[in-house]
Amino acid sequence: MRFIGNIEAKIDAKGRAFLPSTFRKVLQASGSEGLVLRKDIFQNCLVLYPEAVWNEQLDTMRSRLNRYNAHHQQIFRQFVSEVEMMSLDGNGRFLIPKRYLQLVGIEQDIKFLGMDDTIEIWAAERVKESQMESAEFGQALEEIMGGGVFGTDAESR
């Protein structure tokens, strides 16, 4: 399951948004119906997880945390308690609760960003804040991808 792209949309007066058709097609192809909405841990955006991806995340987290460690339980509790189960209506819309809209400063204009196995939802005017300048992005990619096997082939030419 791979979500890619950057799609602009609007929230209606009731807080509903249409999930972009390209993303709906990916969900349908995977057989996934349910979605889980959560505020991102690091960025000021919302994240939509297909239910299967969410369950994998929980399994991974649970395997790394000890149920009998109070701090681990606190981390797990906070991670799972700040979510909302979502489903699409017959028109492909879903309701974003007001508290989530307020939490990330979404008023009406939003951007959906495909992030591989999840979808981020941003206030349209805030997306730029999360992105690097072109030169910085190029340098970061070079540092990450330029070494090892990738760098060896390029350097030998």
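The values are calculated or read from the model by the stated rules, or taken from the named source; none is laboratory data. Given the structure is predicted, the values throughout are model-derived calculations rather than measurements. Backbone-built Cβ (ideal geometry, glycine too); neighbour counts: all protein chains shown. Note: areas computed on protein heavy atoms with side chains; ligands, DNA, RNA excluded. Shrake-Rupley method; radii C 1.70, N 1.55, O 1.52, S 1.80 Å.
Entry remark, region 32-63: residues being of a type in the set (D, E, K, R) and either open to solvent by less than 30 Å² (accessible area, probe 1.4 Å) or in contact (Cβ under 8 Å) with a residue 60 or more places away in the chain (or both) number 3 in total. Annotation: of all residues in region 90-106 being among the charged types (D, E, K, R) and touching a residue at least 24 places away in the same chain (Cβ under 8 Å), the one that is surrounded by the fewest Cβ atoms within 10 Å (Cβ to Cβ) is LYS98.
Of all residues in region 66-82, those satisfying the criterion of being of a type outside the set (S, T, N, Q) and open to solvent by 30 Å² or more (accessible area, probe 1.4 Å) are ARG67, TYR68, ALA70, HIS71, HIS72, ILE75, PHE76, ARG77, VAL80, GLU82. Candidates are the residues of region 82-121 that are among the hydrophobic types (A, V, I, L, M, F, W, C) and assigned to a loop (DSSP other than H, G, I, E, B); the one that is farthest from THR22 (Cα to Cα) is ILE106. Of the listed requirements (1) without any contact (Cβ under 8 Å) to a residue 40 or more places away in the chain; (2) open to solvent by 40 Å² or more (accessible area, probe 1.4 Å), ASP109 misses just one: (1).
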